[in-house]
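Since the structure comes first, as structure tokens, the remarks are kept for the end.
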Amino acid sequence: MAVNLLKRVGIFVAVLVGLCAFYMGYRQLYLSTGWTRPFKVDEYAMPRLQDIVSRLWEPAATDQPVLVQVLVQKALFTAREAAAGFVIGAIVGIAIGIVFHFSNLMRRGFQPYVVGSPILAIAPMVVIWLGGQGLPVWMPVAVISAFLTFFPVAINTLRGLDSADPRKLELMRSYAASEWSTLWRVKFPCALPYLFSAFKVAATASVVGAIIGELPSSIQDGLGGAILNFAQYYSLDPSALWATNIIAAALGILFFVIVAIVERLVVRRAPEHVA
Amino acid sequence: MTRARRFVAEWAPAVLILVLGLVGWELAVKTFGIQKFLLPKPSEIATAFWDERSILWPAGWYTFTEAFWGFVVGVFFGIAAALVLARFRPLGSALMPYFVAASAIPIIAFAPIGNAWFGIEKGSKIFIAALLCFFPVLVNTLRGLTSVRPQQVELMRSYAAGNAAVFRRVRIPTSLPYVFTALKVASVLAMIGAIVGEYFGGSQQQLGIQIKNSAALFQFETAWAAILVACILGIAFYLAVALAEIATMRRYPSAERARR
Amino acid sequence: MTAAAVSIRNVTKTFGKGGTTALKNIELEFQPGEFISLIGPSGCGKSTLLRVIGDLIEPTEGEAVIGGKTAHQARLDRDYGMVFQEATLMDWRTVEKNVSLPLEMMGWDRGARRDRVRELLELVELTGFEGHHPWQLSGGMQQRVAIARALTFNPSLILMDEPFGALDEMTRDRLNLELLRIWEATKATVVFVTHSIAEAVFLSSRVVVMSARPGRVQKIVDVDLAYPRTNDTREETRFFELATEVRELLRESHEAREGA
């Protein structure tokens, strides 16, 4: 068991080291040869790794706290929007999934429109529109996250509920069980792996949605704003943008890992079962 | 019921909902007097769609080419990487969780860096779209290649089949459903990636910029018309992949098996 | 005179309009406490008949009467327990929670449930396995859990659909003995579907031999071997004679079909 853990940690370290080595190697190679395909490399295109890391501990801007602190605060802001959206989207998604499961008509009527990703393209517009309605600034963004969560959750809830073994359903009928009882005791547990599959997708999607949603408005408090801001000043301070991206990546991975951990705790079943 | 009747019965409710939705939208805006700059009527959007076509349709095509090439690049590298990792199994299974985690990174956040590298024209959007496509294609293709049942390989070996034959006759047909699932996902992601990538900076000839600018100017009917163009192209792209899937799978009927 | 445990009156079952006739004009009566096997070739409708008795399938014509009630009422009153070929245990519940499932649904409180489960597990000789999960048990043990579950309400009727079909022969023989022991302890009527001639003769007081397409009762064989039966019973001459009789009946119907 301990050997397993050691191996896992070892692989993690190896991957980390490998990525850094790849970055530095690529950079060094391109700097010395001056190749321009696929893109030209200089200190602005690819800042030194040390500079990116050290930038985190420098002030975000003049008279401001250290960058890493500022970024973490912004990340929390974005995280709250994403989390709120995720929870709402999940609840609504599960409800709609159940409705689709029981009503074939509703399913045929509405399922084709349950396609999530394109919402991202209209996100800034929705945010502008809702923002103009006088809602608190973070709400329209949470709505985007909710939408992006709702779609995969609804679809997978439906698939999961439909996947229940017909023999188990027969068993419940032999107990003269009510529809609700069967739903709760058999169909829902069968649907859990599918649900968590959707949750993992939705975790990422709600973070992405929150970041994109922050773009158009003057929301300065989140990561989206930080990205836009540092993108503007990229020629002066490239490391800041890279550092911000690292924090954004960490946020996305964090949401994903949280869902994965909850899955491990909730879905206790035969090891071979994977959805 | 004949196939045609079944097809109609299956799709009728959805079409009905679409029609009802559009009609309801039109009436709601009219009766509640919602202002144009908040939510335009479908008829106004349709008008804008036609009026602005000389700007929107070329922009749509431009953005589509960004998405398409991003798709090609991302899929190519994704499949290539999957093939390599399928060959070196322990490496593949050790790294798999990392690839899955990598798909959790908000890749779109790298758009400004893409702009710094490739400028704001096509290149940076192709880069983003390719990055978005890469991981899902890699993860799914690798899953497909490694999901071959040992008994089938054993069978081939009993015919003294070499590695290449096993690959061609067993691994490829088995992984095809997985690959096509990934391709369909990638087609959607590529389109989204191109458009949203443009929100971080681009030029007038790109559809995303058209959406962004019209929205900023509160010309929502043009913005929605541009989105309509994006939807049409996105759906067309997806359908093209789906058709390719049907055509290919016909050659490998036995592979039409356990899809996730 | 006590009502028949199971009375099947002129039951016919056709699937789909003008589709296959699974059962035709079945007339049967089982007395309380009997052990009845249904045996026949694939497609003879024995599983269908079992499900008609259990009100899981509605007959096209005719009816099944369970202890004076309609099959439907018997199901609602939970008068019978059913065991399927696959143990149909819920992976995500422990053995204890699997067996207590029917009790939960009836609203028994936790203490009462635990006691009853303990009793039942003792009956099937699985004491100590309460906390295990289904995948941790062998196939034979899983079926014993399924049997325990079927006995929760002390049903007067037990329906079994090839419960030992997926098990190896030695486990099967052992479970046959166990089943007889449980049957004698509970004094229930058992209707048992099987493919195995030896099993049918070993367990039953009467064997209903069915013929295929459409399913009909070919003959009912009285098994006049003494209870309690042991492994030695399998080696008795009478056992062999009865098994041969059943085998020849099956061959007859098979050849009749082939000829037609």
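Model label points for A:Val15 and B:Trp61, set 7 angstrom from Cα along the Cα-to-Cβ axis, are 4.3 nm apart.
Of the chymotrypsin sites (Phe, Trp or Tyr not before Pro) found in region B:57-107, those that fall in a DSSP loop while having at most 16 other beta-carbon atoms within 10 Å are B:Phe88.
Gain on full extension, evaluated as 0.36 nm per residue between A:Tyr44 and A:Tyr113 minus their Cα-Cα distance, stands at 20.5 nm. Relative to the current alpha-carbon distance between B:Met96 and B:Leu217, full extension at 0.36 nm per residue lengthens the span by 39.0 nm. Taking Lys and Arg as +1 and Asp and Glu as -1, the other residues whose beta-carbon sits under 15 Å from that of C:Ile36 total -4.
In terms of distances greater than 20 angstrom between alpha carbons, the cross-link table entries A:Lys74/B:Lys125; C:Lys13/C:Lys46; B:Lys122/B:Lys212 yield A:Lys74/B:Lys125. Distance between the modelled labels on C:Ala112 and B:Leu18, one decimal in nanometres: 5.7 nm (7 Å Cα→Cβ projection). With the charge dipole of chain C set up from +1 on Lys and Arg Cβ and -1 on Asp and Glu Cβ about the Cα centre, the Cα lying farthest toward the positive end among the listed residues C:Ser253, C:Asn10, C:Ala243 is that of C:Asn10. On the beta carbon distance between A:Leu31 and B:Ile246, with R0 = 51 Å, the FRET formula returns roughly 0.55.
When the P(r) of region B:85-164 is calculated, the portion above 16 Å amounts to 64% of the C-alpha pairs. Cross-link reach is defined here as a Cα-Cα straight distance under 15 Å, omitting same-chain residues fewer than 8 places apart; for A:Lys187 the aspartates and glutamates meeting it are A:Asp162, A:Asp165, A:Glu170, A:Glu179, C:Asp91. A Förster radius of 35 Å combined with the Cβ-Cβ distance from B:Val72 to C:Met170 puts the calculated FRET efficiency at roughly 0.05. Modelled spin-label separation between C:Thr127 and C:Asp222, with each label point placed 7 Å from Cα along the Cα-to-Cβ direction: 4.1 nm. For A:Gln28, the shell of other residues with beta-carbons less than 13 Å away shows a net charge of 0, using +1 for Lys and Arg and -1 for Asp and Glu. Look at the stretch B:108-120: the mean tally of other chain Cβ atoms within 10 Å of its residues' Cβ atoms is 6.
For C:Lys219, a cut-off of 14 angstrom between C-alpha atoms picks up these aspartates and glutamates, skipping any fewer than 8 places away in its own chain: C:Glu27, C:Glu29, C:Glu245, C:Glu248, C:Glu252.
Please identify the longest segment of chain A free of exposed chymotrypsin sites (Phe, Trp or Tyr not before Pro), where exposed means a DSSP state other than H, G, I, E or B and no more than 15 other Cβ atoms within 10 Å. Here the longest segment lacking exposed loop sites spans A:58-232.
Restricting region C:184-239 to GluC sites (Glu not before Pro) that sit in a DSSP loop and have at most 14 other Cβ atoms within 10 Å of their own Cβ leaves C:Glu236.
Distances between placed amide hydrogens fall under 5 Å for C:Gln218 paired with C:Val209, C:Met210, C:Ser211, all partners being 5 or more residues away or on another chain. A straight chain from B:Ser203 to B:Trp25 at 0.36 nm per residue would run longer than the Cα-Cα distance by 60.8 nm.
Counting Lys and Arg as +1 and Asp and Glu as -1 over every other residue whose Cβ lies under 14 Å from the Cβ of B:Asn213, the net charge comes to -2. Computing FRET efficiency as 1/(1 + (r/R0)^6) for A:Gln64 and B:Ser43, where r is the C-beta to C-beta distance and R0 is 45 Å, gives about 0.35. Per residue, chain C reaches -11500 deg cm²/dmol at 222 nm when only DSSP H runs of four or more residues are counted, each adding -39500 (n - 2.57). The aspartates and glutamates whose alpha-carbon is closer than 16 Å to the alpha-carbon of C:Lys24, local same-chain residues fewer than 8 away aside, are C:Glu58, C:Glu61, C:Glu63. Rounded to the nearest 10 degrees, the inclination of helix A:139-162 to the longest alpha-carbon principal axis of chain A is 40 degrees. Remark: chain A carries a charge dipole of roughly 1060 debye about the Cα centre, counting +1 on each Lys and Arg Cβ and -1 on each Asp and Glu Cβ.
Where a number appears in this text, it was derived from the coordinates with a stated rule and is not lab data. Predicted model, so just to flag it, every value in this text is computed and none were measured. Virtual Cβ from ideal backbone geometry, glycine too; neighbours counted across all protein chains shown.
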